[in-house]
1. Considering only residues that are surrounded by fewer than 13 Cβ atoms within 10 Å (Cβ to Cβ) and within 21 Å of Glu49 (Cα to Cα), which ones fall in the stretch 126-140?
2. Is there a residue being open to solvent by less than 60 Å² (accessible area, probe 1.4 Å), in contact (Cβ under 8 Å) with a residue 60 or more places away in the chain and not in a strand (DSSP E or B) anywhere in the stretch 116-125?
Amino acid sequence: MRFMPHKRRQPPSVIIVSLIDVLIVVLIFLMVTTTFKQRQPAVKLALPESKQSKPGSASSSHLVVTVAKAPPYYYLDTLPVTAERLEAELTARAKQDPALTLSIRADDAAPFGKIVAVMDAAKAADIKMVDAFVKAPTAK
């Protein structure tokens, strides 16, 4: 038997520069194709109209509760919550900031009982200021 001497193989050389070029192209592709959208409300609402509507005021201690017309009814900042969780969150935030203002953003077709439940939760949490989002009436 004749054994062949093994030739020492050289490991293949990897060209790092071309790999970096590919990585940069992929990064640019991801940056260009990514859409940056502004924070949208979790639910599309048709706000009720009011002749007494005023422009919103900027307050640092402002909390928004959204009431939808279909389940899940309650959204705290854009996250859906149950009625019990909503009351617990309102109580916790009112303890942190006694001057907390609660704004209710309710759909025009939302059940009125759900809006009253938010107001009851605010009263149980000892929140003094509760207001509502409305829109100005459309000219006919």
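The values are calculated or read from the model by the stated rules, or taken from the named source; none is laboratory data. Note that this is a predicted model, so its numbers are computed, not measured. All Cβ positions, glycine included, derive from the backbone under ideal geometry; neighbour counts span all protein chains shown. Please note that ligands, DNA and RNA were not included when accessible areas were found on the heavy atoms of the full protein model with its side chains. Shrake-Rupley method; radii C 1.70, N 1.55, O 1.52, S 1.80 Å.
1. Hits for the stretch 126-140 are Pro137, Thr138, Ala139, Lys140.
2. Within the stretch 116-125 (the criterion being open to solvent by less than 60 Å² (accessible area, probe 1.4 Å), in contact (Cβ under 8 Å) with a residue 60 or more places away in the chain and not in a strand (DSSP E or B)), the answer is no, since none of the residues qualifies.
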